[in-house]
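Below is one structure; the comments refer to it alone.
The values are calculated or read from the model by the stated rules, or taken from the named source; none is laboratory data. Just so it is clear, the structure is predicted and the values come from calculations on it, not from any experiment. Cβ placement follows ideal geometry from the backbone for every residue including glycine, while neighbour counts extend to all protein chains displayed. Surface areas here come from the heavy atoms of the whole protein model, side chains and all, with no ligands, DNA or RNA. Shrake-Rupley method; radii C 1.70, N 1.55, O 1.52, S 1.80 Å.
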Amino acid sequence: MEELAAQRTWTEEERLELAAQLDADLDAFIDGLEKKRYEEGWPEDRWQEEMDKHPFFMKRAPQPGDDVHPMFEGLQKLKYDPEENTRDELALNYKEDGNFYMKHKKFRMAIYSFTEGIKSKTENPDVLAVLYNNRSAAHFFIKNYRSSLSDAQRALFFKPDYTKARWRSAQCAYELERFDVCTQMCEELLEVDVDHKEANALLHKNKMKKLEIERNQRKEAAEAKRRLTRFHRLRDAIEQRAIKFDDQRVGKKAALTEELLQPKFLPLEDHSVHLDEDGSTLVWPAAFSYPEFLFSDFQQKLPETATMQDCLATLFAEPLPCDKAQSYRQGNVNVYYENRKVGCVHKVAVEKQLAEIIAEKGFFVSGGALLFYVVPKDSRVEQEFIHQQRRPMVYS
């Protein structure tokens with residue numbers, strides 16, 4: 001029958017009728033299949049996101065913490081699985097990754113890749129030398145000079161004639177101010193290539209920087225010695241005058257320090273007590289407080305030979321802006337200082353020099369400076385200041 005059908009000659013009309021019948025049978029078969037929704041494709045609202053994850057369409061490599069497509073995981077396994085690769089192959093695979101990250105200036109990712117290559121335990125010295133040298137370069141570009149130098153020297157351990165590693169060592173040693181190492185590396189480079197311009201330039205630059213630093217160190221040492229000598233003279237002058245500080249406990253002699261002599265008042269902090277040029281007179285920073293107005297005047301350099309009258313003449317050379325009654329003028333004010341040790345005040349004899357006032361039994365230097373209070377004579381302000389409650393200092 002089939003042979004007869006094959007041998008039969010079909011007219012064009014019969015062929016079209018048969019094709020229409022076959023199409024109808026196929027449509028009937030499809031319509032008879034079970035109707036259900038296709039759920040294996042990408043959702044319409046996330047198709048772009050899913051495409052970006054697919055290894056065939058992704059535009060960037062997955063970052064640490066990203067969800068990885070199963071196909072990409074399979075590719076990674078093929079590339080990084082120890083059972084699928086030898087140690088050398090694994091090391092080279094990670095080296096390729098690191099080089100890719102270096103090209104795109106992702107130096108921390110490059111460090112990670114080169115580190116994984118080193119951890120693959122390859123025993124090939126050439127591969128290890130390249131991995132250490134490349135990791136050294138990545139560290140160098142993020143200014144991790146100490147790590148970069150260490151890796152470059154490890155690269156030289158595996159490949160002693162590695163020019164790139166030796167040059168990197170020289171650069172790092174210069175940045176770390178390890179001048180002898182830098183000199184050694186540059187000289188070894190020049191032994192191999194006497195025309196190595198970069199090594200010649202760095203060798204000269206290294207020498208100049210070393211000389212500059214040594215010169216600065218000598219200057220700093222000389223200045224520190226002079227500063228120490230000045231402090232010792234100042235300390236001796238203060239001790240000879242038996243000057244007291246309210247930061248020191250009564251009856252306990254504590255060593256004088258620069259911190260103790262540092263003024264705690266902001267306008268005076270750069271003007272510590274010091275000896276004048278002849279080395280015989282102490283020059284003090286001083287604060288003059290006006291309790292009525294709750295503000296202070298500051299004098300940064302008062303010689304101990306000045307009298308309190310001299311100080312008042314300077315203070316009242318111009319009227320105080322807030323003194324509407326013009327009560328604050330020389331001859332119309334009294335000056336006091338506080339003894340915070342016992343919680344009382346002492347009146348100052350204005351004809352006395354500062355050195356005499358400081359030498360009084362109840363006077364203590366406060367916060368690294370001389371502290372005085374100025375009030376109008378025989379005024380309510382003066383009475384309130386004298387009789388206000390004060391508590392002695394308590395030391396913990």
- request: Check whether at least one residue in segment 301-308 is acidic (D, E), part of a loop (DSSP other than H, G, I, E, B) and within 15 Å of V365 (Cβ to Cβ), and report yes or no.
  value: yes
task: Report yes if some residue within segment 199-220 is among the β-branched types (V, I, T) and within 30 Å of P125 (Cα to Cα); otherwise report no.
output: no
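Taking segment 341-355 only, how many residues are in a loop (DSSP other than H, G, I, E, B) and touching a strand residue (DSSP E or B) at 6+ places or on another chain (Cβ under 7 Å)? Working first, answer last.
Going through segment 341-355, the residues in a loop (DSSP other than H, G, I, E, B) turn out to be 341-343, 348-352.
Among the residues that remain, those that are also touching a strand residue (DSSP E or B) at 6+ places or on another chain (Cβ under 7 Å) are: 348, 350-352.
Counting residues in segment 341-355 that are in a loop (DSSP other than H, G, I, E, B) and touching a strand residue (DSSP E or B) at 6+ places or on another chain (Cβ under 7 Å) gives 4.
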- prompt: Applying the selection to segment 356-375, what residues are buried (at least 17 other Cβ atoms within 10 Å of the Cβ), touching a residue at least 60 places away in the same chain (Cβ under 8 Å) and aliphatic (A, V, I, L, M)?
  reply: I358, V365, A369, L370, L371, V374, V375
field: Filtered residues of segment 296-319 (kept if crowded, with 18+ Cβ neighbours inside 10 Å and within 13 Å of V333 (Cα to Cα))
entry: M308, C311, L312, L315, F316
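Could you tell me whether F385 is touching a Pro at 6+ places or on another chain (Cβ under 6 Å), aromatic (F, W, Y) and buried (at least 16 other Cβ atoms within 10 Å of the Cβ)? Step through it out loud before you land on a result.
On the way: touching a Pro at 6+ places or on another chain (Cβ under 6 Å): yes; aromatic (F, W, Y): yes; buried (at least 16 other Cβ atoms within 10 Å of the Cβ): yes.
Judged against the criteria, F385 is a match.
Quick check on my filter: what residues within segment 236-266 are in a helix (DSSP H, G or I), open to solvent by 60 Å² or more (accessible area, probe 1.4 Å) and at pLDDT 90 or above? Before you say what the answer is, go through the steps one by one.
Step one: list which residues in segment 236-266 are in a helix (DSSP H, G or I), which gives 236-240, 258-261, 266.
Within this subset, residues satisfying the condition of being open to solvent by 60 Å² or more (accessible area, probe 1.4 Å) are 236, 239-240, 258-259, 266.
D236, E239, Q240, L266, listed by residue number.
Name every residue in segment 7-22 that is at pLDDT below 80 and assigned to a helix (DSSP H, G or I), in order of residue number.
Passing the criteria: only Q7.
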- request: State all residues of segment 121-138 that are closer than 21 Å to R108 by Cβ, touching a Lys or Arg at 6+ places or on another chain (Cβ under 8 Å) and open to solvent by 20 Å² or more (accessible area, probe 1.4 Å); if no residue qualifies, say none.
  value: V130, Y132, N134
- line: Given (1) without any contact (Cβ under 8 Å) to a residue 40 or more places away in the chain; (2) over 47 Å from the mean Cα position of the chain (by Cα); (3) part of a strand (DSSP E or B), N334 misses just (1)
